[in-house]
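K.L.:
This is the structure, below, for whatever I ask next.
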Amino acid sequence: MIKQILFLILFIPTIILRGQIINHSDTLDILNYNLNLDIDISGQTIQGIAQITAISQVDNLTYFPLDLQGLTVDSVFINDTICNFLYNDTLLHILPSHVYHLTDTVLLSVYYHGHPGIDPSGWGGFYFSGTTAYNLGVGFQDIPHNYGRVWFPCLDDFNDRATYDFHITTADNLVAVCNGTLIETINNGNGTKTWHWILHQSIPSYLASVAVSNYVLVPDTFYGMQDTIPIGIYVASGDSAQAVASFANLKQILAGYEQYFGPYQWERIGYVGVPFNSGAMEHATNIAYPAVVIDGTSSYEYLYAHELSHHWFGNYLTCASAEDMWINEGWAVFAEAFYHEFLYDKATYLSYIMNIHANAIHMAQYDDGGIYPLYPMPQNVTYGTTTYQKGASVVHTLRNYLGDSLFFDAVRAYVSNFALTNVSSYDLRNFLTAYTGVDMTDFFNSWVFSPGYPHFSVDSFSVVPNGGNFDVTVFIRQRLRDRTNFTNSNRTEVTFSDDSWHFQTETVNFSGEFGQATFSLNFNPTHAYMDLENKICDARTSDSKVISNAATIPFHNTYLTLYVNQISDSAFLQVTHNWIAPDTFKQEIPGLYLTDKRYWKVEGILPNTFNITARFLYSKATTGSYAYLDNGFLTSPDSLVLLYRRNSADDWQITNAYKQGTSTNGYLTLDTIMIGEYAFGIWNRTITIREKMPEDTKPIKIFPNPSNTGFYFQQQKKSVTNFKIFNASGKQIFSGQIIGEDSYLWQPDVPGLYLVSFFDSKGKIITKKQVLATE
Ligand SMILES: [Zn+2]
């Protein structure tokens with residue numbers, strides 16, 4: 001299902017535990033429920049008989065345990081013989097006159113009535129609203145979350161699957177819609193009608209459904225891979241045209257899901273509009289769908305695609321426990337992202353899944369009130385951001401880990417293999433290992449069974465010419481966010497480029513903290529990009545762009561925007577927002593503190609001349625999309641500075657970026673972007689000033705700057721200072737010496753932005769400065 005996050009924030013903190021968490025399906029296997037129910041909408045009550053065909057799973061069974069919550073039991077029969085029962089408002093124990101044995105089959109008939117309830121969270125249960133009654137089969141807060149028991153006696157867990165007959169009697173001007181196929185409608189001649197539905201395939205109790213209202217049917221047909229399948233969308237009379245328009249792409253989405261996940265295996269494709277505005281529920285073949293979003297637009301296409309995908313992930317195979325909920329919901333959110341790829345294009349999918357990943361790594365710990373592995377998920381956050389969004393990002397990572405061909409083969413086999421049964425996280429791991437031949441132990445240990453994230457980066461690379469080619473050795477580094485163990489059996493893509501727009505992508509396989517690999521390239525690379533195509537949802541969010549014109553360029557999910565004022569030729573830039581602490585100072589500067597939250601990396605090709613301003617967002621908001629970025633660190637925004645280093649071999653230096661914004665949020669703006677890393681620092685200037693400045697850090701003057709005639713470098717000491725000059729792409733283009741108090745005049749060949757690094761005689765960096773050579 002899908003819910004609105006708001007409800008989680010409001011209602012998760014208090015957990016009311018009703019009933020006992022007992023897996024009754026160890027005792028009993030229910031084959032069929034035959035629910036004969038009168039639904040009185042004006043009286044807000046239900047009344048009827050549940051006839052339950054069950055098989056004993058044990059010897060010497062002395063009672064039949066069922067879940068039933070908050071209703072009244074009138075009488076109970078076993079095989080037409082009235083019997084005793086115990087009912088405590090939550091558990092119904094049916095007491096036979098003799099013990100039953102393994103494989104004995106019984107028909108239990110429970111006569112009951114009452115006003116069915118809703119979940120304390122406000123999400124799930126049985127609702128009466130105007131002329132409509134409907135159920136939502138999951139209670140977010142109640143435990144177990146399965147919510148069949150609020151409207152019929154059942155085994156309310158994920159494991160017991162049964163087929164269903166529904167005989168729903170209601171006022172004859174209304175329509176009752178249930179799972180499966182409508183078999184007949186009986187006019188009782190007393191102002192009521194009885195609607196008989198049969199669901200031939202087995203489902204757990206939380207997927208059983210009923211909705212009663214003044215519905216009309218919007219029928220259609222899907223010519224599927226294996227069968228011709230009726231589509232039945234029930235909406236309020238008058239909403240038919242809007243339903244046709246809103247569900248315009250339903251059949252294309254079905255066809256895509258069949259192609260990638262395997263045939264649709266249910267007897268009907270069904271939605272029913274309900275007056276519920278906080279999400280939808282994937283009841284098998286009868287999805288409860290908010291009527292308000294059947295509005296004639298495609299704005300909520302993702303929502304019906306998500307619920308539809310549960311007919312592969314969740315309904316057809318079902319999580320073995322609430323702690324495995326990502327098996328249902330993580331995969332459904334992945335499918336909700338993935339349909340964009342086959343219905344629209346790959347870029348739309350990637351953008352969608354990257355937004356999900358960005359929100360998961362940014363917000364899950366706040367939404368869920370903690371940092372959890374996908375499995376085992378605590379029951380108070382079963383339906384939280386980690387389950388849904390991190391779950392989807394891990395499926396995306398899995399997809400790329402295996403590659404599309406093997407991944408989708410394996411998914412189809414997985415769905416088929418676990419048809420109409422349950423799957424634990426371990427079952428999925430073991431199945432994938434056996435099916436693909438790829439040992440998934442390390443992948444699952446990291447991505448499913450551990451909290452937090454690994455973080456991958458290119459630390460450095462070296463190039464050795466080899467004949468006409470170049471042997472490049474790249475060094476990969478793994479760091480950790482909210483976890484303690486390094487991930488093994490990693491597969492990371494590194495793309496190399498030179499400044500002439502040659503690109504080559506290679507895969508580095510490694511385990512542990514460091515990895516390296518050597519590749520032969522037919523060009524001399526000057527840049528190395530980690531995971532340019534965003535195949536891994538690690539502790540990075542990144543975006544890359546080709547920039548050809550003056551424009552405002554937001555790099556999505558990075559909190560960095562470039563303002564391209566002028567550019568002489570195209571640029572290619574990858575901006576990475578790293579959700580971990582930057583490397584610390586090689587040499588501490590008194591009073592200057594580095595953030596431990598995040599840093600940026602800008603990598604890529606810049607032309608000879610450009611004028612690109614960069615705006616780095618800071619925020620210590622506690623709500624909204626900029627929440628919690630710098631909280632804790634950003635105590636005094638007036639002291640906020642932007643630090644820069646060219647690469648991991650360098651040390652951080654303070655840039656001249658200036659602040660625009662409030663004490664809570666705003667931007668540090670840098671006049672000219674350079675290739676390298678950026679991080680926020682807090683600079684307590686009073687501490688720095690009190691320190692005695694060492695000889696080597698006496699200022700070196702550069703003037704004039706900017707200049708179109710060259711730059712003078714001048715120092716106030718008698719020793720020799722070496723310097724190196726780098727262009728904006730980070731390539732060293734010149735080196736020289738300032739001897740004593742003589743000025744050195746450097747005249748660049750081409751206009752552009754340059755970085756000048758000054759070193760003492762021992763090679764230690766004294767300072768770095770940017771110069772801008774104008775036309
Ligand atoms: Zn869902």
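The values are calculated or read from the model by the stated rules, or taken from the named source; none is laboratory data. Please read these numbers as outputs of a predicted model, since none were measured by experiment. Virtual Cβ from ideal backbone geometry, glycine too; neighbours counted across all protein chains shown. Accessible surface is based on the protein model in full, side chains and every heavy atom, while ligands, DNA and RNA are left aside. Shrake-Rupley method; radii C 1.70, N 1.55, O 1.52, S 1.80 Å.
K.L.:
Kindly provide the set of residues from the stretch 80-115 that are in contact (Cβ under 8 Å) with a residue 40 or more places away in the chain, open to solvent by less than 30 Å² (accessible area, probe 1.4 Å), closer than 20 Å to residue 152 by Cβ and not polar (S, T, N, Q), ordered by number.
P.N.:
91, 92, 106, 108, 110, 112, 114
K.L.:
Scan the stretch 316-327 and report the pairs whose first residue is without any contact (Cβ under 8 Å) to a residue 60 or more places away in the chain and open to solvent by less than 20 Å² (accessible area, probe 1.4 Å) and whose second residue is assigned to a loop (DSSP other than H, G, I, E, B) and among the hydrophobic types (A, V, I, L, M, F, W, C), with Cβ atoms within less than 6 Å and a gap of 6+ or a chain change.
P.N.:
If the second residue must be assigned to a loop (DSSP other than H, G, I, E, B) and among the hydrophobic types (A, V, I, L, M, F, W, C), no pairs are left.
K.L.:
Another one. Can you name the strands (runs of 3 or more DSSP E) wholly within the stretch 696-775 that have at least 3 residues being open to solvent by less than 80 Å² (accessible area, probe 1.4 Å)? Quick ask: steps written out before the conclusion?
P.N.:
Values: elements: 701-703, 711-714, 720-727, 732-739, 744-746, 752-759, 765-773.
By residue number, 711-714, 720-727, 732-739, 744-746, 752-759, 765-773.
Results for (1) open to solvent by less than 20 Å² (accessible area, probe 1.4 Å); (2) within 16 Å of the ligand (Cβ to nearest atom); (3) part of a helix (DSSP H, G or I), shown as yes or no for each residue.
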residue: 388; (1), (2), (3): yes, yes, yes
residue: 393; (1), (2), (3): yes, yes, yes
residue: 397; (1), (2), (3): yes, no, yes
residue: 409; (1), (2), (3): no, no, yes
residue: 414; (1), (2), (3): yes, no, yes
residue: 426; (1), (2), (3): no, no, yes
residue: 443; (1), (2), (3): yes, no, yes
residue: 462; (1), (2), (3): no, no, no
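K.L.:
What's the total number of residues in the stretch 368-386 that are more than 16 Å from the ligand (Cβ to nearest atom), buried (at least 21 other Cβ atoms within 10 Å of the Cβ) and of a type in the set (Gly, Ala, Ser)?
P.N.:
The qualifying residues number 0.
K.L.:
A follow-up question, please. With the structure loaded, tell me whether residue 302 is over 28 Å from residue 162 (Cα atoms), outside the structural domain of residue 126 (by TED's automatic domain parsing), in contact (Cβ under 8 Å) with a residue 24 or more places away in the chain and open to solvent by 10 Å² or more (accessible area, probe 1.4 Å) or whether it fails that test.
P.N.:
Numbers: over 28 Å from residue 162 (Cα atoms): yes; outside the structural domain of residue 126 (by TED's automatic domain parsing): yes; in contact (Cβ under 8 Å) with a residue 24 or more places away in the chain: yes; open to solvent by 10 Å² or more (accessible area, probe 1.4 Å): yes.
Yes.
K.L.:
Let me ask something additional. Got at least one residue in the stretch 268-277 being within 16 Å of the ligand (Cβ to nearest atom), in contact with a helix residue (DSSP H, G or I) (Cβ under 9 Å, 6 or more places away or on another chain) and within 23 Å of residue 422 (Cβ to Cβ)?
P.N.:
Within the stretch 268-277, none of the residues are within 16 Å of the ligand (Cβ to nearest atom), in contact with a helix residue (DSSP H, G or I) (Cβ under 9 Å, 6 or more places away or on another chain) and within 23 Å of residue 422 (Cβ to Cβ).
K.L.:
Can you name the number of the only condition in (1) within 16 Å of the ligand (Cβ to nearest atom); (2) at pLDDT below 95 that residue 284 fails?
P.N.:
That leaves (2) as the condition not met.
K.L.:
Of the numbered conditions (1) open to solvent by 30 Å² or more (accessible area, probe 1.4 Å); (2) aliphatic (A, V, I, L, M); (3) within 22 Å of residue 29 (Cβ to Cβ), residue 118 satisfies every one except a single condition; which is it?
P.N.:
All conditions are met except number (3).
K.L.:
While we're looking at this one, here's another question. Taking residue 147 and the conditions (1) over 25 Å from residue 202 (Cα atoms); (2) crowded, with 21+ Cβ neighbours inside 10 Å, which numbered condition does it fall short on, given that it satisfies the others?
P.N.:
Answer for residue 147: the failing condition is (1).
K.L.:
Moving on to the next point. Could you tell me which residue of the stretch 163-191 is nearest to residue 36 (Cα to Cα), considering only residues that are free of Cβ contacts under 8 Å to residues at least 40 places away in the same chain and touching an Asp or Glu at 6+ places or on another chain (Cβ under 7 Å)?
P.N.:
The selected residue is 187.
K.L.:
Next question, about the same structure. Would you call residue 264 crowded, with 20+ Cβ neighbours inside 10 Å, within 16 Å of the ligand (Cβ to nearest atom) and not in a strand (DSSP E or B)?
P.N.:
Working: crowded, with 20+ Cβ neighbours inside 10 Å: yes; within 16 Å of the ligand (Cβ to nearest atom): no; not in a strand (DSSP E or B): yes.
Judged against the criteria, residue 264 is not a match.
K.L.:
Residues of the stretch 544-567 being in a strand (DSSP E or B), hydroxyl-bearing (Ser, Thr, Tyr) and buried (at least 17 other Cβ atoms within 10 Å of the Cβ), which ones?
P.N.:
To start, the set of residues in the stretch 544-567 that are in a strand (DSSP E or B) comprises 544-547, 551-555, 560-567.
Within this subset, residues satisfying the condition of being hydroxyl-bearing (Ser, Thr, Tyr) are 544, 552, 561, 563.
The answer is 544, 561.
Table: residues versus (1) in a loop (DSSP other than H, G, I, E, B); (2) open to solvent by 10 Å² or more (accessible area, probe 1.4 Å); (3) of a type outside the set (A, V, I, L, M); (4) in contact (Cβ under 8 Å) with a residue 24 or more places away in the chain.
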site	(1), (2), (3), (4)
306	no, no, yes, yes
311	yes, no, yes, yes
329	no, no, yes, yes
337	no, no, no, yes
341	no, yes, yes, no
349	no, no, yes, no
353	no, no, no, yes
